[in-house]
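Chemist: Once you've had a glance at the structure underneath, I'll fire off some questions.
Please treat every number below as a calculation from the coordinates, not as lab data. Bear in mind the structure is a predicted one, so any value in this text is a computation, not a measurement. Please note: Cβ atoms are built from the backbone with ideal geometry, for glycine as well, and neighbour counts cover all protein chains shown.
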Amino acid sequence: METDIVANMRHPRRTAGAVPEADAPEADHRAAGTAALVALFREHQLGLARTALMIVGDRATAEDVVQDAFIDLYRRIDRLTDHDRMLPYARAAVVNKCRTVLRRRKLAFRAGRTHEPPVWSAESAAMLGEERREVFLALRRLPPRRREALVLRYYLDLDEREIAEIMGIGVGTVRSTVSRALAALADLLGEEA
């Protein structure tokens, strides 16, 4: 008899596929969140991967960063109450994961190991064009925070408030960081600021 009670506690009797009334709103919220996340992925995955590429410098790592960001979003889907805020959250997650990648590379460099991004293919190099490639290479030479600010401002065309939210800094700091980054980029490209 005791085993029957324990068995009933572990496996409550339900009709197949039925969701208890208390769980229905939670299941609806999860389904809506999952649908919103799928739509976000379809619409913004490529742009987020390009953003990550501009920050970390190689395609494979950029794709991994974006994939990890979406996995983290999916894991937290139950806690995300405002599905309209998923894009800013995804952008912030991508930038933060790029920072982690760059930190790990710096530690590896100190330990004597260096990161060598994949060699550009002839097709990729031809498509980029010499001028764009020079800008890309100069951008890679900027400190990470300045690079992030420029990519968010001029590649994603975000306003200062959105950049401040993603980077976790003040709006005034965004302005000064972008200004300094533009000046440094101009120096690297041999242009007047």
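Chemist: What nm distance separates the two modelled labels at E43 and R103, each placed 7 Å from Cα along Cα→Cβ?
Modeler: Calculated label separation equals 3.1 nm.
Chemist: Right, something else. Provide the net charge surrounding Y155, with neighbours chosen by a C-beta distance below 11 Å and charges set as Lys +1, Arg +1, Asp -1, Glu -1.
Modeler: +1
Chemist: Can I ask one more? I'd like to compare 179-185, 29-35, 49-55, 163-169: which one has the highest average count of other Cβ atoms within 10 Å, and what's the full order after that?
Modeler: So the peptides 179-185, 29-35, 49-55, 163-169, ranked by packing, come out 49-55, 163-169, 179-185, 29-35.
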